[in-house]
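The values are calculated or read from the model by the stated rules, or taken from the named source; none is laboratory data. Since we're looking at a predicted model, the values are computed, not measured. Here Cβ is always computed from backbone atoms with ideal geometry, including for glycine, and neighbour counts include all displayed protein chains. Each accessible area value is taken on the protein alone, full model and side chains, heavy atoms only, with ligands, DNA and RNA left out. Shrake-Rupley method; radii C 1.70, N 1.55, O 1.52, S 1.80 Å.
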Amino acid sequence: MQNKKPLLAIILGVVAVALVAGLFIAGMDAASRPGKRPEVGSKAPDFSIPLYEGYRNGLPEKIKLSDLQGKVVVMNFWASWCVECRKESDALEALHRAYKDKGLVMLGVDYLDTEKPAREYLKQYNTTYAVGEDLQQNIARAYRITGVPETFFIDKKGVVREVAILPLSEAQLNATVAKLLAE
C-alpha cells in the first residue's frame with residue numbers, strides 16, 4: 001500500500017501540471033485573436049481586398065469596404081471546396097443581377113482557396129459579381145468567421161445588419177436586401 005501513495009502523488013502532479021499548461025496555452029491562443037465577431041448593429045470592420053481579374057463588376061482592382069459607403073454590401077465568404085456554398089451560388093448570383101443597379105454591391109470573399117479552382121467554380125456558377133481572395137485571412141479574422149458559407153449584410157452606413165452562417169435561399173437574400181435598400 002505504501003508504494004501506491006508516491007505513484008498516485010506523481011500522477012496527480014503530472015495531471016495538475018498538464019492542466020495548468022493547457023489553460024495557459026488556451027489563454028495565449030485567445031489573446032492572440034483580434035477582437036470578437038462584429039455584432040449586428042456594430043460598424044463593419046474596414047478592409048481592402050484585391051479582386052480577381054474578370055470579377056470586378058466595375059470596381060477597381062483593389063477595393064476598401066469604406067469606399068462602398070452609401071451602398072448596401074452583401075459580403076459572402078465561400079470556397080470552391082465548400083459543398084454548402086454550392087447550395088447558395090445561384091441565389092447569390094440572382095441577387096446580384098436583380099439589385100446591382102439599385103445600390104447593392106455583392107462581394108465574394110474566397111476563403112482558404114487557390115485561384116485556379118476558385119475561377120473554375122466561378123465559371124461553373126456563371127458568377128458576375130465582384131470576387132477577391134483573402135490570401136492572408138485578414139478579412140476572415142476581422143469578421144471572426146467560423147467557416148463557409150458565411151454572409152454579412154452591411155447597410156449604407158457601413159453597419160452590420162445581419163449575419164448568416166448557413167446557405168441562404170434566394171427568398172431570404174431578396175427579403176433582407178430589399179429591406180436594407182429601402183432605408
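Summary table below
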| quantity | calculated |
| --- | --- |
| Sulfur and carbon atoms: percent of accessible area, region 66-111 [1.4 Å] | 48 |
| Percentage relative contact order, region 66-183, counting C-alpha pairs under 8 Å, at least six apart | 38 |
| Contour minus Cα-Cα distance for residue 71 and residue 86 (0.36 nm per residue) | 2.8 nm |
| Other-chain or far-sequence residues with amide H under 5 Å of residue 103's (modelled H) | none |
| Calculated FRET value between residue 98 and residue 165, using beta carbons and R₀ = 30 Å, to 0.05 | 0.80 |
| Calculated from backbone phi, Karplus (6.51, -1.76, 1.60) coupling profile of region 121-137 in Hz, x at Gly/Pro | 4, 4, 5, 4, 9, 6, 6, 10, 7, 5, 9, x, 10, 8, 4, 8, 6 |
| Whole-Hz ³J(HN,Hα) from phi, Karplus 6.51 cos²θ - 1.76 cosθ + 1.60, for region 152-166, glycine and proline x | 10, 9, 10, 7, 5, 9, x, 9, 5, 10, 8, 9, 10, 10, 5 |
| Listed residue pairs exceeding 26 Å between alpha carbons, taken from 64/102; 116/156; 62/116; 62/157; 102/157; 62/156 | 116/156 |
| Candidate aspartates and glutamates for bridging to residue 36, where Cα separation is under 16 Å - those fewer than 8 sequence places away on the same chain excluded | 46, 150, 162 |
| Where trypsin sites (Lys or Arg not before Pro) fall in DSSP loop in region 63-110, at most 11 other Cβ within 10 Å | 102 |
| Pairwise FRET efficiency - residue 124 versus residue 182, Cβ, R0 = 35 Å, nearest 0.05 | 0.60 |
| Cα gyration tensor shape for region 82-129, rounded if a/c is under 1.5, else prolate or oblate | prolate |
| Anisotropy class of region 36-126 from Cα gyration tensor, a/c 1.5 cut | rounded |
| Accessible surface, region 75-183, averaged per residue in Å² (probe 1.4 Å) | 45 |
| Amide H within-cut-off set for residue 133, under 5 Å, with H built and near neighbours excluded | 52, 110 |
| Separation of the residue 64 and residue 115 label points, Cα + 7 Å toward Cβ, nm | 2.4 |
| Accessible surface of region 116-165 [probe 1.4 Å, protein heavy atoms]: carbon and sulfur percent | 47 |
